[in-house]
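This report refers to the structure that appears directly beneath it.
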Amino acid sequence: MRRLSRRKALSLVKELDAFPKVPDSYMETSASGGTVSLLAFGVMAVLAVLEFFVYRDTWMKYDYEVDKDFSSKMRINIDITVAMKCQHVGADILDLAETMIMSNGLKYEPVIFELSPQQRLWHRTLLVIQKGLGEQHSLQDVLYKTVHKGAPTTLPLREGASLEPLSACRIHGHIYVNKVAGNFHITVPGVIHPLDGTQKTTPNNNQMFQYFITVVPTKLHTYKISADTHQFAVTEREREIDHAAGSHGVAGIFVKYDTSALMVTVREQHMPLGQFLVRLCGIVGGVFSTTGMLHRFVGTCVDVVCCRFKLGVYKPTEVRVSTDLTLRRVRTQPPEESPD
């Protein structure tokens, strides 16, 4: 009984076979079919390799949501060099809640205003990146993927000693502020940001530089790091202070910032393995079916042309038959008509 049931199960499985086997004696091969098969295998290999590179690549997905975290602090990184003595400049932050932010995290370092050759190279590199970001937005994805600590936005140290006087002051460090609009003032008494590498010079002693910044909270999740950071967009304005001409104000650098209510979440995504395998199967099946149909279509067209013009296998052949039999031709006379 067990053997009988096994035979029935085996026969049932054979009946469900969707890939019937054709005996080799019923199969016919040709040189054209072999050539098309080789071309098909080559195309499959090339497309499979290209698909593998697509599978290895990643892309950045941007999601937007309301920022509900109002209690946390926002870190502002500052690195500004002013062509004045450090004892003549000061920095402070005042937000809309009339809260004065202490600038204890800032350092005032006497430096040389002119950049060294290495620092100039760093500055030109930042300008090239800024130009690329303005023309090609996809460059931002590359920057997100390659974020590391110690980004190239930090001014490199001056190489060697210099005899030039320390006529400038470098204000650098960081400050933690509330997530409300505020003003950062410098007055007289690794993600690439829009202001990195910015340089402003003026021959006037009373000049006001204003920067209006919109800050967007951003969460970054890549296969290398996860970080909470901020992006910002900036517009700038500058004018000369001349009270006699009606241009009032205080000479200095003013940065007014405001925090957006939206938060951006940037995630690095990868093609799933299942989707990659499905695409590979589509490539193999599609190329195999397409080349097979093309081969049959071209073969049919060739057969029709050859049959129409009697070419190739359809060309008629002369058959000569030799015989030793002598045929005798007999002429028959038609019957004579009887006279009436």
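The values are calculated or read from the model by the stated rules, or taken from the named source; none is laboratory data. Since this is a predicted model, take the numbers as computed values, not measurements. Cβ coordinates were reconstructed from backbone atoms using ideal geometry, including for glycine residues, and neighbour counts include every protein chain displayed. Ligands, DNA and RNA are stripped out before the accessible areas are found, and what is left, the full protein with its side chains, is counted by its heavy atoms. Shrake-Rupley method; radii C 1.70, N 1.55, O 1.52, S 1.80 Å.
Yes or no: region 226-244 includes at least one residue that is surrounded by 12 or more Cβ atoms within 10 Å (Cβ to Cβ) and at positive phi.
no
Please specify each residue of region 37-63 satisfying the condition of being farther than 21 Å from Leu280 by Cβ and touching a helix residue (DSSP H, G or I) at 6+ places or on another chain (Cβ under 9 Å).
Met60
With respect to the numbered conditions (1) open to solvent by less than 40 Å² (accessible area, probe 1.4 Å); (2) closer than 27 Å to Asp141 by Cα, which one is the sole condition not fulfilled by Thr198?
(1)
Looking at region 255-287, which of its residues are open to solvent by less than 40 Å² (accessible area, probe 1.4 Å), in contact with a Phe, Trp or Tyr (Cβ under 8 Å, 6 or more places away or on another chain) and of a type in the set (A, V, I, L, M)?
Passing the criteria: Val255, Met263, Val264, Val266, Met271.
Any residue in region 307-325 that is open to solvent by less than 70 Å² (accessible area, probe 1.4 Å), assigned to a helix (DSSP H, G or I) and either farther than 30 Å from Ala45 by Cα or modelled with pLDDT under 70 (or both)?
Narrowing region 307-325 to residues open to solvent by less than 70 Å² (accessible area, probe 1.4 Å): 307, 312.
Next, only the ones that are assigned to a helix (DSSP H, G or I) stay: 307, 312.
Those still in the list that are either farther than 30 Å from Ala45 by Cα or modelled with pLDDT under 70 (or both) too: 307, 312.
The answer is yes, given that some residue of region 307-325 is open to solvent by less than 70 Å² (accessible area, probe 1.4 Å), assigned to a helix (DSSP H, G or I) and either farther than 30 Å from Ala45 by Cα or modelled with pLDDT under 70 (or both).
Residue-by-condition table, conditions (1) over 19 Å from Pro217 (Cα atoms); (2) in contact with a His (Cβ under 6 Å, 6 or more places away or on another chain):
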site	(1), (2)
Met60	no, no
Asp63	no, no
Lys68	no, no
Ser71	no, no
Ile80	yes, no
Cys86	yes, no
Ala91	yes, no
Met100	yes, no
Gly105	yes, yes
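With respect to Phe53, is the statement that it is more than 27 Å from the chain's Cα centre (by Cα) and either among the β-branched types (Val, Ile, Thr) or surrounded by fewer than 11 Cβ atoms within 10 Å (Cβ to Cβ) (or both) true?
no
With the structure loaded, tell me whether Asp95 is modelled with pLDDT under 80 and surrounded by 13 or more Cβ atoms within 10 Å (Cβ to Cβ) or whether it fails that test.
Working: modelled with pLDDT under 80: yes; surrounded by 13 or more Cβ atoms within 10 Å (Cβ to Cβ): yes.
Spelling it out, Asp95 is indeed modelled with pLDDT under 80 and surrounded by 13 or more Cβ atoms within 10 Å (Cβ to Cβ).
Which numbered condition trips up Glu159, out of (1) at pLDDT 80 or above; (2) open to solvent by 70 Å² or more (accessible area, probe 1.4 Å); (3) not basic (Lys, Arg)?
(1)
Failed condition for Lys21, given (1) open to solvent by 90 Å² or more (accessible area, probe 1.4 Å); (2) under 21 Å from Leu280 (Cβ atoms), with all others met?
(2)
Do any residues in region 223-235 that are within 18 Å of Tyr257 (Cα to Cα) have Cβ atoms under 7 Å from those of residues that are in a loop (DSSP other than H, G, I, E, B), where the two are at least six apart or on different chains, and which pairs are they?
Cβ pairs passing all conditions: Thr229/Val191; Phe232/His193; Phe232/Pro194; Ala233/Pro194; Val234/Pro194; Val234/Leu195.
Would a scan of region 269-277 turn up a residue that is under 36 Å from the mean Cα position of the chain (by Cα), at pLDDT 85 or above, closer than 30 Å to Ala48 by Cβ and in a loop (DSSP other than H, G, I, E, B)?
There is at least one residue in region 269-277 that is under 36 Å from the mean Cα position of the chain (by Cα), at pLDDT 85 or above, closer than 30 Å to Ala48 by Cβ and in a loop (DSSP other than H, G, I, E, B).
For Thr214, state whether it is open to solvent by 50 Å² or more (accessible area, probe 1.4 Å), part of a strand (DSSP E or B) and modelled with pLDDT of 85 or more.
When the stated conditions are applied, Thr214 passes them.
Report every pair of residues separated by at least 6 positions or lying on different chains whose Cβ atoms are under 9 Å apart, first residue within region 146-175 and closer than 26 Å to Ile101 by Cα, second at pLDDT below 75 and among the hydrophobic types (A, V, I, L, M, F, W, C).
As it stands, the answer is Thr153/Val191; Thr153/Ile192; Arg170/Leu155; Ile171/Ile186; His172/Leu155; Ile175/Ile101; Ile175/Met102, since those pairs meet every condition given.
When region 279-310 is examined, which residues are found to be aliphatic (A, V, I, L, M) and farther than 15 Å from Val36 by Cα?
Once the filter is applied, which keeps residues that are aliphatic (A, V, I, L, M) and farther than 15 Å from Val36 by Cα, region 279-310 yields Leu280, Ile283, Val302, Val304, Val305.
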